[in-house]
Structure formats: structure tokens, C-alpha cells
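Worksheet: the structure to be examined is printed underneath.
The values are calculated or read from the model by the stated rules, or taken from the named source; none is laboratory data. Owing to the predicted nature of the structure, the values given are computational and were not obtained by experimental measurement. Cβ atoms come from the backbone with ideal geometry, glycine included; neighbour counts cover every protein chain shown.
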Amino acid sequence: MKKRWMIFISILVVIGIAAWNMYNQNQKQQKATEDILNHVQQVDEVTISNGEKSMTFKGKEATPFIESTPLVHIEKYERTDRNYFEKEPRFIVSYKVKGKTLYAVELLQLKKKLPNDWLNDFLMNEHLLVKWQGYPMMFSQHEAIQRLVDAFNAKEK
């Protein structure tokens with residue numbers, strides 16, 4: 001009888017810890033969302049890197065590459081979605097305010113055909129997914145990111 005109670009208590013402790021971690025992650029994400037919404041107009045630097053090379057745009061030069069409303073349409077990046085994309089990002093884009101990173105996004109390369117069309121709104125050029133770095137969320141706003149990738153690729157040539 002005592003062994004059953006110990007197992008039951010252990011299970012409750014594990015569930016409690018998991019719930020607490022989810023709560024903290026959710027609070028952290030809400031704070032980050034608030035920070036982005038409050039400070040997106042103050043972004044003064046955009047950096048794009050592909051692992052080997054990077055480019056930084058500052059001040060007025062960065063303006064065309066900043067989404068005015070980056071969080072208009074976001075969705076949860078599910079575990080099942082991960083199977084369709086490369087694990088390592090093709091590009092990482094960082095948005096900074098006075099040298100401090102406000103937020104960053106990863107551009108993940110599609111590696112196999114998607115079984116349904118619901119992710120198409122989140123794909124850029126039909127093969128790159130814009131994912132919020134550090135959070136399981138994907139963005140559908142990526143016109144400015146597309147311009148940034150085009151500028152990066154043009155400079156590479």
C-alpha cells in the first residue's frame with residue numbers, strides 16, 4: 001500500500017513540474033511578444049547570417065527589412081511539422097534595438113513535400129519557413145524578410 005502512494009505522489013510531482021515549466025514558458029513567450037509589439041518601431045539594426053557569412057544593415061539602411069507588424073499571424077510550430085524541414089536553419093535574422101536583440105527568426109529549409117496546404121501561408125518562396133528562434137512559433141509575415149534574403153543573395157554573387 002505504501003509503495004502505491006509513493007508512485008502516486010511521484011506522478012503528481014512530475015505532472016506538477018511539467019505544468020510549472022509550461023506556465024513559465026508561456027509567461028516568457030507572452031513577455032517576449034509584448035516586447036516585440038512595444039519596440040518593433042525602434043528596431044535600428046537587422047543582421048542576416050547563413051552560418052558562414054553575415055550582413056548587417058543599420059539605421060535607414062535597415063528600414064526596408066523590418067516588418068512593421070511581425071506578429072500579425074503566428075501559429076504553433078508542431079512537433080509533426082519539424083519532420084518536413086531541415087533541423088539547422090538556412091538563415092538566422094536578428095532584429096536589434098540599440099545593439100540588443102529584440103527577437104530573431106530562423107529560416108528553415110523544406111526537405112520534403114508537405115502532405116497538406118495549411119503550411120503554405122507560412123512558407124516563403126515555397127521552400128523556407130519563418131520560425132521564431134527560441135519559441136515553437138512560425139510567422140506568416142515575411143515580405144521584408146524576403147527582401148533581406150534577396151539582398152543577401154545579391155551581395156553573395
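Some observations on this one:
- Here the condition is being hydroxyl-bearing (Ser, Thr, Tyr), within 11 Å of the chain's Cα centre (by Cα) and either part of a loop (DSSP other than H, G, I, E, B) or on the phi < 0 side of the Ramachandran plot (or both); of TYR95, TYR135, it holds for TYR135 alone.
- Within the stretch 1-18, considering residues that are exposed (fewer than 10 other Cβ atoms within 10 Å of the Cβ) and of a type outside the set (A, V, I, L, M, F, W, C), the one modelled with the lowest pLDDT: LYS2
- Number of positions in the stretch 106-133 that are within 14 Å of GLU75 (Cα to Cα) and either touching a residue at least 12 places away in the same chain (Cβ under 8 Å) or touching a Ser or Thr at 6+ places or on another chain (Cβ under 8 Å) (or both): 9
- Selection from the stretch 104-132 of residues that are at pLDDT below 80 and assigned to a strand (DSSP E or B): MET124
- The stretch 52-67, residues that are part of a loop (DSSP other than H, G, I, E, B) and either touching a Phe, Trp or Tyr at 6+ places or on another chain (Cβ under 7 Å) or in contact (Cβ under 8 Å) with a residue 40 or more places away in the chain (or both): LYS53, ILE66, GLU67
- Residue, farthest from HIS127 (Cα to Cα), within the stretch 69-105, restricted to residues that are free of Cβ contacts under 8 Å to residues at least 60 places away in the same chain and among the hydroxyl-bearing types (Ser, Thr, Tyr): THR101
- Candidate set from the stretch 28-47 (those that are of a type in the set (S, T, N, Q) and more than 19 Å from LYS131 (Cα to Cα)); member that is surrounded by the most Cβ atoms within 10 Å (Cβ to Cβ): GLN42
- Residue count, the stretch 51-77 (criterion: closer than 20 Å to LYS113 by Cβ and either surrounded by fewer than 11 Cβ atoms within 10 Å (Cβ to Cβ) or among the β-branched types (Val, Ile, Thr) (or both)): 0
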